[in-house]
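Structure first, commentary second.
Every number here is computed from the coordinates shown, using simple stated rules; none is lab data. Nothing here was measured: the structure is a model prediction, and the numbers come from that model. Neighbour counts are summed over all protein chains in view; Cβ atoms, including those assigned to glycine, are modelled from backbone coordinates with ideal geometry.
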Amino acid sequence: MAKISLKILLIASISSFVFFFNSDKTKSCGPDYDENPFIYGLFEPSIIKDDSLSAFFLSPSFFSDYSKKSLLNPEVDNIKEWNDYFGDKYSSEELKNIIYKTSPDDIKILNDAKLNNDYSIIPKLLAKSNIAKDFIAGEYPDAFKYLTFAKECEPHVTDNRNYGWGEIIRDTSAMRNLLKDGKSFYHQSSEKFLKERYAYQCIRLSHYLKDFNHTIKLFDELLAPFESKSIIYYWALSHKAGAIRNNGDITYSSYLFSTIFDKCLSRRLIASQNFKSFDASQLYETLDYCKDNHEKTSVWFLHAYLTNDFGSLKKIYELEPKSTYLEILLTRAIDQLENDIYSYWNRDQNTTWSNQFVRLDFPNFYNFIYSCAKQENTNRPYFWYYAAGYVALLKQDYTSMRENFDNAKRILPNSETEYFDRIKILETLGKIDEKEIIDESFEKYILNDVKWVLELKKHNSDEAFIWMMKRFSEKYYKQQDTAKAQMCLGFKLDKGEYSQQVTRLDYLSNPGDVPLDKMIQFVESDYNRTLFDKFLIDNFCYSRKDLYEIRGTLMLSRFNFEEALLWNFSNIKNELSYLPADPFSINIKDCAGCDAKALATKLYTKHSFAKKMKELEIEIKSTTKNRSENYFLLANAYYNMTYFGNSWMIVDFYRSHNMDWYSYNNIDCSKAEEYYLKAATFSSDKEFQAKCLFMAAKCEQNKFYVDKGHFDHNIYYYPYDCEQKPEIKLENYRMYFKTLNDKYSKTKFFKEALKECKYFNYFASHN
């Protein structure tokens, strides 16, 4: 039987045409956490379907996963504006290559190609670029001039530290010259599009020169006069806001960042990082800068995002009920609630992660959601009913749950099919959770819904199904139905060999701790078996054969060969695999793999092995004939059943090179040692006695490794210096080696053992 098992990135972009500035480095470093630490995340934030806010889902990391969210990628907006400038003449990939992927040296080469009208020296990256060829041909000279200037600025406004450490070195003299040139180019240009970008380069250079007053002045002089506001306006505004903050005006700076957050998606992440949350008086000072209610909602949202103060939900609802910020904050709050209830961590413990979040006032939180839902004046009222229904489920108010879901379905657009599925999932959860006693009639009633959730494979249905099975298991345990409780926990979510289970049940490591008898009885019984019973049995992680083999193997580990035969292996004897080696044979050197390769004929299964052991035991008791040989065969079998032997799988399902990895029950060679000594006692053949004593010595040596804590795979498999350990002699773990050396040195076996066993050879030559 095979072992049964189961199964968070910042956007780093440097623009050539327009460059990125993060005026706050305080959140750039910190520990990473598992992206989703919740056991059950049944209220998926993705139901909002707003990529512009998806980075702000609740996450133990500072941001949720947003690396693939193109709406937040500065490149996307910038390339779009350049594409508009060129009249859709070039592909986005061409523009991306020349704007973002070229180096300053590449642009120098391109300029040389233009001066010499030489297309052969075009950088490889731009070899097939139509825009590069057009630049060389003299088209768009103003744009090419800007590109050249932007690339000259680039090294001075990027992080030039090796490996991110050390001090950033900037050539301030060169930067001031570039700033002077940029101002000149700004005034020379007649195109608003390029003037804005020259202005941005100047503003950014000034900021990195830490001339913050000049940064503010440049923005007000060069960009503020433009009535229409492109993305560049807001990109430059972030530098102004950073300069204002560096000058000490944090509240006004935060207001500007809240505006950037609301108006410019590609600066949304930066704005959220640089917004500062304060005490109440400072927060309201920031709010005083707002020109209308909508601007206030941005402030309240960022405040809630940074502090998890979900009271901001009420503030935003009062200001703008249809604000999209409400939905993202609501999902964050519900995700927090899920974590409060179903956290991996003990909520009572003072853990770093849990302390990042504010505990919710559960009843009042529900009442707020429900009251908003009833008004039906939000952007998507059905979403609020859906949220209220889920929170009602969490608080085990099943009547309110059904009322809210019914209202959601009443006003749901036909296009929102996802909601119908999700509501059905949660309704099924509620039915199970609400039921006190799981009886046959309820199993029949709920079975089709449970199967539907299992087969859905979307909308977090797997997590929902796990939730269901665990609730079933809890209820069955309370009803003292241990077998069904275990069946629910070991339910497979798919049909693969290593399929995921509701809870990974490991019957293989410690079978003695498992209710095997009850499990087998449940699987075997046809009396009154219900469809739900069959559903559990058909999808249990262990088959009928597995259960019998596990129990039989347990009996073998206890040397109860009769019970292993009669009650276990007799039921599955034709389904058992053959052992890889002969468990009754032995070699001077332990090499299970060698024995397996040498074996030409399939000799034994666990069933026939148990049968043979039983026969040998009976024969020893009933007759003196072949007693020494029979004891020797039994001794070999007991040795090979251990970790050290060629048939360890008789009594275990795992074997590792490192004994510390698993708790084995088969490391005790004392039974084998006892029988080797008996075999020697009942024989007068000195060669046979020598062989028995040598095998007893191997048992003795293995006992040393186990008893003295020296069992280490490096010692066991590369042992030839381990005889230097004085414990071996001092602790008398060489008794049988001594006897062999003293009394059997004339035997052929002694000489053979000297050649093959370095342990014994070392002992004999040093004693």
Taking segment 424-477, which GluC sites (Glu not before Pro) meet the DSSP loop condition and have no more than 11 other C-beta atoms within 10 Å? E436
Furthest towards positive pole of dipole, A464, G512, Q501, structure part segment 435-542, Cβ charges: A464
Compactness of segment 435-542, expressed as Rg and Dmax over alpha-carbon positions, Å: 13.5, 39
Restrict the search to segment 267-307; then list the trypsin sites (Lys or Arg not before Pro) that DSSP places in a loop and that have at most 10 other Cβ atoms within 10 Å of their Cβ. K291
Have a look at segment 84-132 and give its Rg and Dmax from the Cα atoms, expressed in angstrom. 10.9, 30
Å³ per residue of the Cα convex hull, for segment 98-188? 107 Å³
Between rounded, prolate and oblate, where does segment 387-457 land on the alpha carbon gyration tensor, with a ≥ b ≥ c its root eigenvalues, rounded for a/c under 1.5, else prolate if a/b exceeds b/c? oblate
According to the square roots a ≥ b ≥ c of the eigenvalues of the Cα gyration tensor, what is the shape class of segment 557-649, taking rounded for a/c under 1.5, prolate for a/b larger than b/c otherwise, and oblate for the remainder? oblate
At 7 Å along Cα-to-Cβ for each site, give me the label-to-label distance between K545 and K686 in nm. 5.2 nm
With no solvent and one point on each alpha carbon, what is the Debye value of log10 I(q)/I(0) for segment 476-519 at q = 0.29, 0.30 Å⁻¹? -1.09, -1.11
Name the residues whose placed amide hydrogens come within less than 5 Å of the amide hydrogen of T605, ignoring near sequence neighbours (fewer than 5 apart) on the same chain. L579
